[in-house]
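Participant: Please read through the structure below; I'll follow up with questions.
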Amino acid sequence: MSHDYPVMLKLAGRNCLVVGGGAVAERKVASLLEARADVTVVAEEWTPVIEGLVKEGRVRGEKRAFRETDVKGSFLVFAATNRPEVNENVCRLASSFGALVNRADRPEDSSFTDPAVLRRGKITFAVSTGGASPSLAKDIKRELEQLYGIEFEQAAEFLGEIRDLVQKSGLPSEKRHRLLREIWNEIGMKGIRSGSPEEWKLVVRRLLRIEEER
Ligand SMILES: C[C@@]1(CC(=O)O)C2=NC(=C\c3[nH]c(c(CCC(=O)O)c3CC(=O)O)Cc3[nH]c(c(CC(=O)O)c3CCC(=O)O)/C=C3\N/C(=C\2)[C@@H](CCC(=O)O)[C@]3(C)CC(=O)O)/[C@H]1CCC(=O)O
Ligand SMILES: NC(=O)c1ccc[n+]([C@@H]2O[C@H](COP(=O)([O-])OP(=O)(O)OC[C@H]3O[C@@H](n4cnc5c(N)ncnc54)[C@H](O)[C@@H]3O)[C@@H](O)[C@H]2O)c1
């Protein structure tokens with residue numbers, strides 16, 4: 001069995017094409033906008049939400065049937081119509097132009113699939129079943145939602161700031177690495193769940209002092 005290769009793509013300013021304008025296309029458009037992609041939707045009909053986004057100028061909209069030239073210059077292409085032959089054509093063309101392609105009705109013909117996504121600020125949880133059961137992926141995501149609350153968003157923000165601070169502290173790299181490891185060992189999952197940002201700050205100050213005196 002081969003496994004899918006997970007990555008986190010930077011899509012800001014990249015051209016991404018969604019062919020189709022139904023519920024599935026609407027979901028794909030929403031997640032592309034979250035990533036600040038430049039989104040074009042080509043569809044014969046589209047949902048009121050997509051209509052609104054086109055009117056607001058947040059996505060480029062072409063209300064018509066798909067044309068072969070549409071795929072040109074796209075980084076990601078989503079074939080999300082309800083017509084298998086159209087989706088197949090979109091995929092074939094997109095691949096021939098070197099784009100990565102997601103086919104809503106046939107994961108096995110896609111170069112990537114979309115996981116169920118949960119965000120906690122800088123933390124992203126992505127659950128994939130490799131297409132085996134999108135409903136299972138969604139329910140695992142819901143369980144993660146309960147397990148990892150808003151405190152993880154705060155903690156990731158805090159730890160990111162501390163990491164920047166330590167990297168710029170002028171300490172030699174060995175000391176920086178030890179300090180970051182020790183900060184994490186002291187705060188850890190327990191500190192995130194039962195501590196507070198004030199307590200995390202005290203830990204950092206204490207360990208920083210010890211490291212500077214070493
Ligand atoms: C995670 C999520 C992300 C997203 O789409 O943004 C996503 N599907 C979601 C929901 C969902 N999709 C479907 C149902 C109905 C119940 C069911 O069928 O199980 C539900 C549940 C619901 O809506 O509640 C139907 C469905 N989905 C696919 C097919 C075609 C096929 O499998 O052949 C069919 C049958 C269509 C038909 O019968 O006509 C295919 C794909 N769906 C994927 C992702 C990719 C694999 C993910 C993985 O499992 O790894 C993949 C391969 C391609 C892709 O789209 O990338 C999103 C959860 C949103 C959230 O997190 O809340
Ligand atoms: N990936 C998933 O999570 C998922 C979930 C449900 C369904 N599906 C699959 O995805 C397909 C789309 O689902 P949906 O609920 O969004 O469908 P839908 O019927 O709501 O929408 C289909 C869209 O395709 C457009 N369309 C049809 N022919 C076109 C063409 N030649 N050019 C441009 N646009 C065209 C229609 O105008 C419409 O906007 C389904 O047929 C199903 O196979 C996937």
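Participant: Give the residues of region 136-164 whose amide nitrogen is closer than 19 Å to a point set 7 Å from the Cα of SER194 in the direction of its Cβ.
Facilitator: Inside the label zone: 147-152, 155.
Participant: Among SER110, SER194, SER96, which one shows the biggest mean-square fluctuation in a GNM of the chain, springs joining Cα atoms closer than 10 Å?
Facilitator: Among SER110, SER194, SER96, the largest GNM mean-square fluctuation belongs to SER194.
Participant: In percent, how large is the relative contact order of region 40-165, given Cα pairs closer than 8 Å and 6 or more residues apart? Provide the component values of the computation, followed by the final result.
Facilitator: Working: 151 pairs, mean separation 18.1, N = 126.
Relative contact order of region 40-165: 14 percent.
Participant: Something else about it: Looking at region 1-48, which trypsin sites (Lys or Arg not before Pro) are DSSP coil and have at most 10 other C-beta atoms within 10 Å of their C-beta?
Facilitator: Values: sites: LYS10, ARG14, ARG27, LYS28, ARG36; in loops: LYS10, ARG14, ARG36.
Those that pass, being in a loop and sparsely packed, are LYS10.
Participant: Assign unit charges at the C-beta atoms only (+1 for Lys and Arg, -1 for Asp and Glu), then state the dipole size of the chain relative to its Cα centre in Debye, rounded to the nearest 20. Show your work: numbers first, answer last.
Facilitator: Working: 35 positive and 33 negative charges, 114 e Å.
Here the chain has a charge dipole of around 540 debye.
Participant: With charges set only on the Cβ (+1 for Lys and Arg, -1 for Asp and Glu), what does the dipole of region 67-125 come to about its Cα centre, in debye to the nearest 20? Could the numbers behind the result be given before it?
Facilitator: Values: 9 positive and 8 negative charges, 81 e Å.
Dipole of region 67-125, to the nearest 20 debye: 380 debye.
Participant: Provide the three semi-axes, in whole Å and in decreasing order, of the ellipsoid equivalent to region 15-114 as defined by the square roots of 5 times the Cα gyration tensor eigenvalues.
Facilitator: Details: eigenvalues 73, 37, 32 Å².
Equivalent ellipsoid semi-axes, largest first: 19, 14, 13 Å.
Participant: Could you tell me the center-to-center distance, by alpha carbons, between region 1-66 and region 99-151 in angstrom?
Facilitator: 17 Å
Participant: Now for a separate question. Relative contact order (percent) for region 15-114, with alpha-carbon contacts under 8 angstrom and 6 or more residues of separation? Don't jump to the answer; show the numbers that get you there.
Facilitator: On the way: 189 pairs, mean separation 27.1, N = 100.
The value is 27 percent.
Participant: Among SER196, LEU207, ALA132, which residue has its Cα positioned farthest towards the positive end of the charge dipole of the chain, with +1 placed on the Cβ of Lys and Arg, -1 on the Cβ of Asp and Glu, and the dipole taken about the Cα centre?
Facilitator: Farthest towards the positive end: LEU207.
Participant: Hey, got a sec? Which GluC sites (Glu not before Pro) in region 22-55 land in a DSSP loop and have at most 12 other Cβ atoms within 10 Å? Kindly include the intermediate steps, with their values, before the conclusion.
Facilitator: Working: sites: GLU26, GLU34, GLU44, GLU45, GLU51; in loops: GLU44, GLU45.
Passing both the DSSP loop test and the Cβ count: GLU45.
Participant: Tell me the carbon and sulfur percent of the accessible area for region 151-213, rounded to whole percent, probe radius 1.4 Å.
Facilitator: Details: 2130 of 4190 Å².
The computed percentage sits at 51.
Participant: Rg to Rh for the chain: what is it, with Cα atoms only and Rh by Kirkwood? Let's see the in-between values first.
Facilitator: Numbers: Rg = 22.2 Å, Rh = 20.1 Å.
Value, to two decimals: 1.11.
Participant: Follow-up. Leaving out ligands and nucleic acids, note down the accessible area per residue over the chain with a 1.4 angstrom probe, in whole Å².
Facilitator: Values: 13610 Å² over 214 residues.
So the chain comes to 64 Å² accessible per residue, rounded to a whole number.
Participant: Hey, any idea what % of region 1-45's accessible area is carbon plus sulfur with a 1.4 Å probe? Let's see the in-between values first.
Facilitator: Working: 1510 of 2940 Å².
C and S fraction of accessible area: 51 percent.
The values are calculated or read from the model by the stated rules, or taken from the named source; none is laboratory data. Bear in mind the structure is a predicted one, so any value in this text is a computation, not a measurement. Virtual Cβ from ideal backbone geometry, glycine too; neighbours counted across all protein chains shown. SASA here: full protein model, heavy atoms, side chains in, ligands and nucleic acids out. Shrake-Rupley method; radii C 1.70, N 1.55, O 1.52, S 1.80 Å.
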